[in-house]
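Right, one structure below, let's go through it.
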4 protein chains.
Amino acid sequence: MDYQQIISDIYRQILPYAKEGKQADYIPELAKVNPDQFGMCIQTIEGDVAAIESADTRFSIQSISKVFALAMCLSIKGDSLWKRVGKEPSGTAFNSLVQLEVEHGIPRNPFINAGAIVMADILLSELDNAEEEFLGFVRAVAGNDTIDYNPAVAISERENGYLNASIANLLKYHHSIENDIESVLHFYFMMCSVEMSCRELSGAFLAFANHHREFDYAGVKLTSSQVKRMNAIMQTCGFYDEAGEFSYLVGLPGKSGVGGGIVAIYPLQYSVAVWSPRLNSKGNSVMGIKALELLTSETKESIF
Amino acid sequence: MDYQQIISDIYRQILPYAKEGKQADYIPELAKVNPDQFGMCIQTIEGDVAAIESADTRFSIQSISKVFALAMCLSIKGDSLWKRVGKEPSGTAFNSLVQLEVEHGIPRNPFINAGAIVMADILLSELDNAEEEFLGFVRAVAGNDTIDYNPAVAISERENGYLNASIANLLKYHHSIENDIESVLHFYFMMCSVEMSCRELSGAFLAFANHHREFDYAGVKLTSSQVKRMNAIMQTCGFYDEAGEFSYLVGLPGKSGVGGGIVAIYPLQYSVAVWSPRLNSKGNSVMGIKALELLTSETKESIF
Amino acid sequence: MDYQQIISDIYRQILPYAKEGKQADYIPELAKVNPDQFGMCIQTIEGDVAAIESADTRFSIQSISKVFALAMCLSIKGDSLWKRVGKEPSGTAFNSLVQLEVEHGIPRNPFINAGAIVMADILLSELDNAEEEFLGFVRAVAGNDTIDYNPAVAISERENGYLNASIANLLKYHHSIENDIESVLHFYFMMCSVEMSCRELSGAFLAFANHHREFDYAGVKLTSSQVKRMNAIMQTCGFYDEAGEFSYLVGLPGKSGVGGGIVAIYPLQYSVAVWSPRLNSKGNSVMGIKALELLTSETKESIF
Amino acid sequence: MDYQQIISDIYRQILPYAKEGKQADYIPELAKVNPDQFGMCIQTIEGDVAAIESADTRFSIQSISKVFALAMCLSIKGDSLWKRVGKEPSGTAFNSLVQLEVEHGIPRNPFINAGAIVMADILLSELDNAEEEFLGFVRAVAGNDTIDYNPAVAISERENGYLNASIANLLKYHHSIENDIESVLHFYFMMCSVEMSCRELSGAFLAFANHHREFDYAGVKLTSSQVKRMNAIMQTCGFYDEAGEFSYLVGLPGKSGVGGGIVAIYPLQYSVAVWSPRLNSKGNSVMGIKALELLTSETKESIF
């Protein structure tokens, strides 16, 4: 397929939505991003790459970092990880976040905040220098040594992160995190602050798409079966309250972030990253979801 | 692949689990089934069929009927169906069933009981003779005119169906069902009471697996895109509180029933039905889930 | 004190609220009551009676009947009643009614609908003719043999009583009611349909105010201690989500009904009934609550 | 009445319960108290005082301090206080604490932890030196200048106070507290750490019992009506999940603390404090509740 042509067509079709939605503004660093940007990059396992617009502009990957954290935790802990965190979708949030995220101290899945906070705790306990090793893994899997944290974003998020602090304290109360709360939250927000471009993200996620290839990056090793199972979790839990809607409309496993990025993969075919800061009410990029919906509609490629 | 060989191997491997779990016994009709039965049938889109043990014994399909109801509702209502029922997974049941199933009268997805009760209401409103037309569709898609309801099961379920009656009354209170409660519950339980064998179920679900083929059975028509989207819903919502676990272990969309049956599909490859009455604590067949986990592990075939 | 003067003054002061609120209209029988009515009657244990306006007009006592049901259940079952129903306040309803009312089949207190449905079940099981004996007790305690059910109201409520039917089915599912659901709901709605005037209600509740006098009406016997404990339950649970507010503003135990009636007692002093159909958002009579607030403010009489 | 005789009789009757229950041990300071202690002191508005056993031993008043905080907040803010905190009972905790305590940032009442944390925030904002003024008020109302904080208890509670920190962060997220979280929690735990004896507590609460006397202590002024309304809140909200049970069994407004103390008042008659460290499963002193139940049973004095 001519993916360059396809994503150019898609871009034209989604332009009417360019002003829909509202970018995240709960911290100044995210609020000052120009919301009128769009980037998209698709990479196939044969090595084709198609990219348009701001595909090389880095942005805050935010919750997409939870996929990298999960890869590291699964590599280290294997299936014993699931004693600390569940793998069931969290369901529509019908009350408030805190209680629903934690039942008797076990977060429902690794992609809600409580789950990622527990993963941050695990990595802090298991690694000599969690911050350095996490970045090392992201750089290795993305194949780019200039990828980095944005500490200003991390600090700003911590300062306003009352909801995550409430969750972390509740986890600590339930003996679900071992390290001190401040260290865990600091590392959690650092992971969220990593900045990558669509090209870098789609490159990194190609490792999840192509599970026939050995997964071994900076010491993080996963079997083919483990990669496939990570993809399964992205399918059921990757989009907050919109996991069902995304699965229905797009039909690919993926993960979104509040910075406006979305990554999805078509196993053994391609990975795709899209970015646009304006979000819908569920916290997912408006243009990003539209673009991916069109991609699978037009190419008639979905996992179903 | 030699599926006959594969499923024979699988059967041998899961025999140690033959006495694990407990069959549903909340109504006498289900309790009197011999629990020590196992059947499995796989059918490929090329026309290969492999079957072992009690693959031709009919059993109560129970919640698997919700897939047939969804096909009919989608065919009739199109995307306007989603005004009446959501498509998000329901999350781990952490309180009790009634409240969680219904938020402001909108059930979370079509595969929880509240969702299926709303679908029963829709079919009663839209069809001249819902009971007859539902059976006609099931017979047509399965290619077998002897498939039938078991009214004794339906009546017995209604007599003990206090939880479903509680849900139906709550839906009525929210103006979410139009017809009278008894009619809706009667039809709902009739659909659940349909009896089919593994061979018949895998035959019927081949229509969902092979979405390249026209879907048109007894007047129920779906586009290729609609079939794929139904598969997406099976993936995220098909296994009650175990949807994430099943997705993780098996990696195929499917649907289970409390009668011990499970159907799953590998899009554009095959459909598979397995049946064994003993259930795990989540209400899914113990041997059934083991068998499907081995099937995708050994064939290295999953959608991820 | 000159209660006649006091309640005349109160009436003048609350007239500005005469058009505030909205009467219950979920069934035609309640909707067709003239909303612009007000009655009040106070009776002291010394035998003084003061009454104004429509104090002799009968209205639907609705949930006030739950106090009479509780008196009968306590008389029959003693403290073993509390195995079937709790006595804790229900808290602000922050989700929806059904689930919160029933935890593992035990309603939180006798004055929420679930609790009263369980009491209806108990009376049906324990009495030869519950309907007749309930009416006999109410007539005896009120000292008026013409008090009666309004079956038209009861039938109309049953026909629209989906929420109560949902609750009853959930209770049955939890094995918390013994009799068949329709019988229980019919009796429950019959009790609610009793019609009494303010004069009759204050007369009946004098028996709860004056616990130094023997409580023995039509065979319903309570000790002084039991009467005081019933008063305690009225204090903590008598006003739905407004129990704390009423306790704070009025400082007397009491019970309200959706028909616009409120009864309160000042132990060993007086009982008072007030009625006006317009309700606030919590389902309590606007003028009724204002009148009682003024009564205890002006007389400086509250239990605290 | 001869209260000295009455409480001596009571003590003899409750001795069989002396080993029931378990003292609070979540912080070392509370765990090292000798659990086998009992004290009781009753003081009438005529000036009679009866005391037995360890009535002069000081203990950690813990949540009883919330009554003092409420008196200060009501004195400062008047009825505008109720914009920041509700006054409805919290209902049986059927999930977990955090979510239930805070709805949209408004704690349900001043006596749950979230409510007291908001009151701590108010006092910090309104007073020049909240810590000093709080202690000044407690000393004044108790008439004893040696009453003091136990900072070791406060610090130990803060170090293990993950649940309260979770609540405070959730409140901050909802903009329900103005001051920084650490300051609020520090002051909250300091208030809890105050140590008083039964004699001192019953002395202090006499001011609430005798609302005919002017309430003015160290600048904290309340009207008679405000004092009565505080008593109403103690009645409906003073005993966590056991408010209804306590109201039913004892029939007096009061407040308990996890240190094993309970204070109750009989308006215009007496105040009573009882202390024994062993707690029931709801966190209230076993012997304390028994003693108060007997007191109102034997004296036939309750507010109902």
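Looking across the stretch C:1-44, the residues that are within 27 Å of C:Leu268 (Cβ to Cβ) and either surrounded by 16 or more Cβ atoms within 10 Å (Cβ to Cβ) or aromatic (Phe, Trp, Tyr) (or both) come down to C:Tyr3, C:Ile6, C:Ile7, C:Ile10, C:Tyr11, C:Ile14, C:Gly39, C:Met40, C:Cys41, C:Ile42, C:Gln43, C:Thr44. Are any of the residues in the stretch C:276-298 touching a residue at least 24 places away in the same chain (Cβ under 8 Å), within 24 Å of C:Ala114 (Cα to Cα), in contact with a Cys (Cβ under 7 Å, 6 or more places away or on another chain) and within 14 Å of chain D (Cβ to nearest Cβ)? So far as the stretch C:276-298 goes, no, none of its residues is touching a residue at least 24 places away in the same chain (Cβ under 8 Å), within 24 Å of C:Ala114 (Cα to Cα), in contact with a Cys (Cβ under 7 Å, 6 or more places away or on another chain) and within 14 Å of chain D (Cβ to nearest Cβ). Of all residue pairs spaced 6 or more apart or on separate chains, those with beta-carbon atoms under 8 Å, a first member in the stretch A:67-95 that is within 26 Å of B:Ile106 (Cα to Cα) and a second member that is modelled with pLDDT of 95 or more and aliphatic (A, V, I, L, M) are A:Lys87/A:Ile233.
Evaluate the stretch A:106-129: report whether one residue or more is at positive phi, touching a residue at least 40 places away in the same chain (Cβ under 8 Å) and not in a helix (DSSP H, G or I). Taking every residue of the stretch A:106-129 in turn, none turns out to be at positive phi, touching a residue at least 40 places away in the same chain (Cβ under 8 Å) and not in a helix (DSSP H, G or I).
Condition first: in contact with a Lys or Arg (Cβ under 6 Å, 6 or more places away or on another chain) and either closer than 16 Å to D:Glu195 by Cβ or of a type in the set (Gly, Ala, Ser) (or both). Now tell me which residues in the stretch D:24-42 satisfy that. Matches in the stretch D:24-42: D:Cys41 only. Total residues in the stretch A:285-301 satisfying the condition of being surrounded by fewer than 24 Cβ atoms within 10 Å (Cβ to Cβ) and either among the polar types (S, T, N, Q) or at pLDDT 95 or above (or both): the figure is 7.
Taking helices (runs of 4 or more DSSP H) as the structural unit, those lying wholly within the stretch D:1-80 and holding at least 2 residues that are of a type in the set (Gly, Ala, Ser) correspond to D:65-77. All of (1) more than 10 Å from chain A (Cβ to nearest Cβ); (2) within 17 Å of B:Ala71 (Cα to Cα); (3) in contact (Cβ under 8 Å) with a residue 60 or more places away in the chain; (4) among the aliphatic types (A, V, I, L, M) hold for B:Ala264 with one exception: (3).
Tell me, please, whether a residue that is under 20 Å from the mean Cα position of the chain (by Cα) and touching a residue at least 24 places away in the same chain (Cβ under 8 Å) can be found in the stretch A:170-184. Yes, that holds for at least one residue.
For the stretch B:133-153, does any single residue satisfy the condition of being in contact with a Gly (Cβ under 7 Å, 6 or more places away or on another chain), modelled with pLDDT of 95 or more and in a loop (DSSP other than H, G, I, E, B)?
Yes - at least one qualifying residue is present in the stretch B:133-153.
Scanning the stretch B:231-250 for residues being over 16 Å from A:Asn231 (Cα atoms), at the interface with chain A (Cβ under 9 Å from one of its Cβ atoms) and surrounded by 24 or more Cβ atoms within 10 Å (Cβ to Cβ) gives a total of 4. Can you spot a residue in the stretch A:259-281 that is of a type in the set (Lys, Arg) and surrounded by fewer than 24 Cβ atoms within 10 Å (Cβ to Cβ)? Scanning the stretch A:259-281 turns up at least one residue that is of a type in the set (Lys, Arg) and surrounded by fewer than 24 Cβ atoms within 10 Å (Cβ to Cβ). Among the residues of the stretch C:251-260, none is identified as closer than 19 Å to C:Cys192 by Cβ and facing another protein chain (nearest Cβ under 10 Å). A single entry from C:Ser166, C:Ser176 fulfils the requirement of being within 13 Å of chain B (Cβ to nearest Cβ) and assigned to a loop (DSSP other than H, G, I, E, B): C:Ser176. Screening B:His175 on (1) farther than 18 Å from B:Tyr26 by Cβ; (2) at pLDDT 95 or above; (3) surrounded by fewer than 16 Cβ atoms within 10 Å (Cβ to Cβ) shows it passes everything except condition (2).
The combined condition, being within 14 Å of chain B (Cβ to nearest Cβ), over 30 Å from D:Pro110 (Cβ atoms) and either assigned to a helix (DSSP H, G or I) or in contact (Cβ under 8 Å) with a residue 60 or more places away in the chain (or both), is not fulfilled by C:Leu206. I'd like to know if the stretch B:182-191 contains one or more residues that are surrounded by fewer than 22 Cβ atoms within 10 Å (Cβ to Cβ), closer than 30 Å to B:Gln269 by Cα and touching a Ser or Thr at 6+ places or on another chain (Cβ under 9 Å). No. Scanning the stretch A:45-66 for residues that are surrounded by fewer than 19 Cβ atoms within 10 Å (Cβ to Cβ), charged (D, E, K, R) and in contact (Cβ under 8 Å) with a residue 40 or more places away in the chain turns up A:Asp48, A:Glu53, A:Asp56.
The values are calculated or read from the model by the stated rules, or taken from the named source; none is laboratory data. Computed from a predicted model, the values in this text were never measured in an experiment. FYI the Cβ positions are ideal-geometry reconstructions off the backbone, even for glycines, and counts take in every protein chain you see.
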